[in-house]
Every structure is written in structure tokens, then in C-alpha cells.
Amino acid sequence: MPDVDAASIRKWVQAVACDYGRRVGDIAYVFVDDEEILRVNRQFLQHDYYTDIITFDDSQGAVINGDLFISLDTVRSNAAGLGVAYEQELRRVIIHGILHLCGINDKGPGEREIMEDAENKALAQYPSAS
């Protein structure tokens, strides 16, 4: 398990969801290693590659619900490659999944930039960012 301030993460996620007119329901954070994320990616999405997060959306109307599978191995290697703190990269990945649950996509034309802007705005709202 990563060393995170669960209360701060919870309040932050609720505030970000509220920005999108959503409420937080049941969110499961499933922390795994690279091999498990690859297995999940293959089994459920038919993708044969590693990734930092897979978001399974079970939202109902304005209430976001879902399972966020997060590879701590990939988060760690991405943080090192980007020259950022592990905790910062983990928060980015968590909020990326939450933003997916709020309806933001990142696969279509121009969507990646929209997602990155939304991530940056949300990260600036994290309590320690002040």
C-alpha cells in the first residue's frame, strides 16, 4: 500500500468531482504491480501493454462509482522518468482515474490535452499544493 493521506485524498477527490457536478459514491483503489495491471489490461480490455491506471466506470448519473487499478511499479518508474516525486505522480494517476469517472476522456483527437489541463487544475487543488 502506498503511504498516502487518505483523508486528504478523499476530500480532494470529492472537491474535484463537485467541480464537474458529480458526487463521490463507491470508489475502490486497487494498488497492483506491473504484472497484475498487464493481466487486467489483457483480460478486460484486450490490450497487451503495461499502463499506470485502468479505470472501470460504474457511475450512476451524477454519482461516480468505479474501480481504479493502479500499477505502483509504473507510477514509480514514470515519476523517476519525469523527475517528479512519487507521491505527486501517484496523485496525478489517482485524479486521472477520477476525471475519467467524471466523463473526461483522453483517447480521441484533442482529448489528451483536455485531460492534461483537467489534471493540472485538479492537482493545484490538492491541499499540499498551496
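None of the figures in this text is laboratory data; all of them are computed from the coordinates on show. The shown structure was predicted, so the numbers you read here are calculated from the model rather than taken from an experiment. Ideal geometry is used to build each Cβ from the backbone, glycine not excepted, and the neighbour counts take in all protein chains shown.
Just a few scattered comments:
- Over the chain: helical MRE at 222 nm, DSSP H runs n ≥ 4 each giving -39500 (n - 2.57), nearest 500: -17000 deg cm²/dmol
- Only beta bridges with both residues in the range 6-125 are counted; by DSSP, about 45 percent of them are antiparallel.
- With 10 Å bins from 0: P(r) over the chain, alpha-carbon pairs, percent: 12, 44, 38, 6, 0
- LEU90, LEU45 arranged by Cβ crowding within 10 Å, fewest neighbours leading: LEU45, LEU90
- Trypsin sites (Lys or Arg not before Pro) restricted to DSSP loop in the range 95-130 with at most 16 other C-beta within 10 Å: LYS107
- Panel order for MET115, MET1, by other beta carbons found within 10 Å of each beta carbon, from fewest to most: MET1, MET115.
- Amide H contacts of HIS47 (H built 1.01 Å from N, in plane; Pro and chain starts excluded): ARG42 sit under 5 Å, all sequence-distant by 5 or more or on other chains.
- Close amide H pairs (under 5 Å, H built 1.01 Å from N) link ILE64 with ARG23, VAL24, GLY25, residues at least 5 positions away or on another chain.
- The residues SER77, SER8, when put in order of fewest to most other Cβ atoms within 10 Å, stand as SER8, SER77.
- Simple rule: put +1 on each Lys or Arg Cβ and -1 on each Asp or Glu Cβ in the range 6-125, find the dipole, and look at VAL75, TYR49, GLY25; the Cα lying farthest toward the positive end is GLY25.
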